[in-house]
Amino acid sequence: MSIISGANVKFTHLVTVLKKIPTNSWRTIVEKEPEWYNMQPFLEKYTFGQFAVLMVACGLNDFQLKGTADISYWPKIKTLLESRAIVTVDDIGGVLHEFYSNERLGRMKNTRLNTFMKSSMARDMANSTPESISKQFIEYWQRLAHTMNQTSEKKTIVFAMKCLGLALLMAGECSFDFDPIPIPVDLRVRRLTAQLGFSTSTDEDVRLLWRQVLSALREENQCVTMVHLDSFVWQIAGVETSSISDYFKKVGCPEVGSEFTKLLSE
């Protein structure tokens, strides 16, 4: 399966523009994610294993929120964690249980939380290092899907793996293989895909596009992963067209802003 022939010119143009984003700017992009700037302080307070469990647990329940994730989810979890003494992974689970009890679909989210926290995967992860997680990253993806009784491409599964990838990047580990894991398809990702002129008929159409974009980007820059690309797509999809230039200035590559704006208007 490949990008439809009528979209090849647009696809080539998209890749050409994104290849101009330098490595340092890709790093800045992931640091702008609410999961990063809200949770990163806990990496210094917890063991890496505890932090990894926290990130995955939160990622699994980042849906049907009371507001946007950057306002109503990650900052509130951060505030609650800061107010509690955390010693064990069970302490983390207790704080999250309290949080989800007051959220939409709270009973279901606490069931999901308990399923993960009581799993052998969570126990293994709690004793892990960045290096061990990195080496078994794809195995953990499959284990997570099995643990949660969902398909490996389910949005909540791939988003939880993105959160785990962010945890690794925060810890300075970037050699993990994220390539087989698809982009989490949400409303923002679908909207940008449509704005760029590509098919959004099915989630697989959307995944295929961004998988091929990533493959093309990695031909020149192996530092770019789906974690970086998803972060960019999610962020830029939430930016008004008039503010796109400002966004690219903030991530350190102002010269790309005008080109991306033109791309959206074609």
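Structural remarks
- Residues that are closer than 19 Å to Leu96 by Cβ and without any contact (Cβ under 8 Å) to a residue 60 or more places away in the chain within segment 20-36 comprise just one, Pro34.
- Scanning segment 124-159 for residues that are closer than 10 Å to Ala52 by Cα and surrounded by 18 or more Cβ atoms within 10 Å (Cβ to Cβ) turns up Met125, Ala126, Ser128, Pro130, Ile133.
- When restricted to residues that are part of a helix (DSSP H, G or I) and of a type in the set (Val, Ile, Thr), segment 160-206 contains 3.
- All conditions but one from (1) at pLDDT 95 or above; (2) assigned by TED's automatic domain parsing to the domain that holds Asp205 apply to Val9; the one that does not is (1).
- Residues (among the aromatic types (Phe, Trp, Tyr) and in a helix (DSSP H, G or I)) located in segment 24-74: Trp26, Trp36, Tyr37, Phe42, Phe48, Phe51, Trp74
- The lone exception for Phe176 - which of (1) of a type outside the set (Lys, Arg); (2) within 26 Å of Val89 (Cα to Cα); (3) more than 18 Å from the chain's Cα centre (by Cα); (4) not assigned by TED's automatic domain parsing to the domain that holds Lys109 it fails: (3)
- Taken together, Ser242, Ser231, Ser199 contain a single residue that is of a type in the set (Gly, Ala, Ser), without any contact (Cβ under 8 Å) to a residue 40 or more places away in the chain and over 21 Å from Gln50 (Cα atoms), which is Ser242.
The values are calculated or read from the model by the stated rules, or taken from the named source; none is laboratory data. Not measured: the values here are computed from a predicted model. Methodologically, a virtual Cβ is constructed for each residue, glycine included, from the backbone with ideal geometry; neighbour enumeration extends over all protein chains shown.
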